[in-house]
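Here's the structure, in structure tokens; my notes come after.
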Ligand SMILES: C[S@@+](CC[C@H](N)C(=O)[O-])C[C@H]1O[C@@H](n2cnc3c(N)ncnc32)[C@H](O)[C@@H]1O
């Protein structure tokens with residue numbers, strides 16, 4: 001069964017455009033139609049404000065032509081016993097596909113990549129993930145399997161253009177909805193700091209939505225260069241002001257005279273964010289909002305981040321005044337979730 005959005009026929013075209021623009025349409029499956037309704041396969045549940053007059057349903061959507069063509073192409077190239085190891089999903093960044101391949105497929109990587117290219121004619125390159133995200137800059141190593149390496153692409157997230165240097169920066173297209181949701185929570189004239197901004201997706205979304213001021217910090221110079229280029233590309237639609245800063249967040253906080261002056265602090269560096277919690281005290285004004293991201297075990301994700309945050313803030317005489325939300329963003333490992341915690345801090 002696949003998640004779907006059931007929508008009255010007359011709203012189908014605007015809904016289709018909306019879902020494609022936001023990267024929410026699951027292109028592995030075909031759209032279904034009956035007399036009165038259209039059913040769109042979607043990759044995740046929508047916010048109620050996003051689902052128009054629709055209803056979320058679970059349906060057996062037929063595979064799309066592209067998926068059928070990929071499976072047919074590859075089936076003729078690899079032994080039938082290996083079909084079960086074929087990838088069921090991949091990441092698309094602009095017109096590049098990044099895929100993780102099972103070790104059993106080692107000898108057939110080129111055929112699989114050619115299969116992806118021939119069934120998705122708009123795709124210009126297929127890369128294989130050859131490492132996990134690692135090191136300070138959280139960059140993943142990629143190997144070109146088919147097509148031509150564009151080195152740099154412009155990925156669209158909710159209509160915002162993001163410049164991505166594929167081999168030099170961290171970027172996950174799976175965070176698009178999170179960037180969008182956070183931007184909708186930011187009010188007019190707010191002062192925001194994003195301590196681990198990467199290519200600056202949060203700041204770009206926020207500045208598109210409100211006339212806020214956003215400090216965007218990252219230790220990776222390539223990521224900050226991407227952000228600067230994106231600011232130029234999106235210049236006309238930005239209502240807010242972004243300050244791109246290449247620095248170690250800790251050193252930047254020590255050197256800047258910004259004591260408790262921010263309405264909102266964003267910390268999306270889930271593997272290490274707990275180590276930087278002291279910065280929250282120096283940056284966040286009383287009753288300001290913290291967006292904190294961490295990896296939490298599946299059996300305790302609803303409360304483990306709150307427990308740890310509460311303990312860490314207590315050291316500075318601060319406490320959690322309000323829990324605005326604790327949400328699963330995605331599965332990180334078989335027993336861990338990437339969790340987003342939003343709290344108001346005293
Ligand atoms: C998970 S990525 C950021 C993702 C980004 N917030 C997004 O939503 O797309 C973590 C980022 O933290 C940066 N980073 C790691 N240590 C840092 C530090 N001490 N100060 C500033 N940035 C740091 C890395 O370069 C990397 O871009």
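For this structure, a couple of remarks:
- In the set 163, 192, 154, only one residue is more than 8 Å from the ligand (Cβ to nearest atom), under 19 Å from residue 289 (Cβ atoms) and in contact with a helix residue (DSSP H, G or I) (Cβ under 9 Å, 6 or more places away or on another chain); that residue is 192.
- For the criterion of being assigned to a helix (DSSP H, G or I) and assigned by TED's automatic domain parsing to the domain that holds residue 82, residue 128 fails.
- Selection count, region 244-293, where residues are assigned to a strand (DSSP E or B) and either out of contact with any strand residue (DSSP E or B) (no Cβ under 6 Å at 6 or more places or on another chain) or away from the ligand (no atom under 11 Å from the Cβ) (or both): 14
- Residue in region 132-142 that is within 16 Å of the ligand (Cβ to nearest atom), surrounded by 16 or more Cβ atoms within 10 Å (Cβ to Cβ) and either on the phi > 0 side of the Ramachandran plot or more than 19 Å from the chain's Cα centre (by Cα) (or both) present: yes
- Residue match in region 170-179 (condition: within 15 Å of the ligand (Cβ to nearest atom) and more than 15 Å from the chain's Cα centre (by Cα)): no
- Strands (runs of 3 or more DSSP E) within region 22-109 that include 2 or more residues under 22 Å from residue 11 (Cβ atoms) and touching a strand residue (DSSP E or B) at 6+ places or on another chain (Cβ under 6 Å): 37-41, 55-59
- Residue 39 vs. criteria in contact (Cβ under 8 Å) with a residue 24 or more places away in the chain and in contact with a helix residue (DSSP H, G or I) (Cβ under 9 Å, 6 or more places away or on another chain): no
- Any hit, region 300-322, residues being in contact (Cβ under 8 Å) with a residue 60 or more places away in the chain and on the phi < 0 side of the Ramachandran plot: no
- Within region 174-199, residues that are in the same structural domain as residue 223 (by TED's automatic domain parsing) sit with their Cβ atoms under 6 Å from residues that are part of a helix (DSSP H, G or I) and away from the ligand (no atom under 15 Å from the Cβ), at 6+ positions apart or across chains, in these pairs: 183/209.
- Residue check: residue 328 meets all listed conditions (1) surrounded by fewer than 20 Cβ atoms within 10 Å (Cβ to Cβ); (2) touching a helix residue (DSSP H, G or I) at 6+ places or on another chain (Cβ under 9 Å); (3) at pLDDT 95 or above but one, namely (3).
- You will find that of 216, 207, the residue that is over 16 Å from the mean Cα position of the chain (by Cα), away from the ligand (no atom under 12 Å from the Cβ) and farther than 21 Å from residue 24 by Cα is 207 and no other.
- Residue in region 308-317 that is under 24 Å from residue 175 (Cα atoms) and out of contact with any strand residue (DSSP E or B) (no Cβ under 6 Å at 6 or more places or on another chain) present: yes
- Residue within region 222-245 that is closer than 16 Å to residue 158 by Cα, crowded, with 24+ Cβ neighbours inside 10 Å and not assigned by TED's automatic domain parsing to the domain that holds residue 46 present: yes
- Candidates in region 294-319 are the residues that are surrounded by 20 or more Cβ atoms within 10 Å (Cβ to Cβ) and in a strand (DSSP E or B); of these, the one that is farthest from the ligand (Cβ to nearest atom) is 296.
- Residue check for residue 127: at pLDDT below 90 and buried (at least 17 other Cβ atoms within 10 Å of the Cβ): no
The values are calculated or read from the model by the stated rules, or taken from the named source; none is laboratory data. The structure presented is a predicted model; accordingly, all values stated were derived computationally and were not measured. Reconstructed Cβ throughout: ideal geometry from the backbone, glycine too, with neighbour counts over all protein chains shown.
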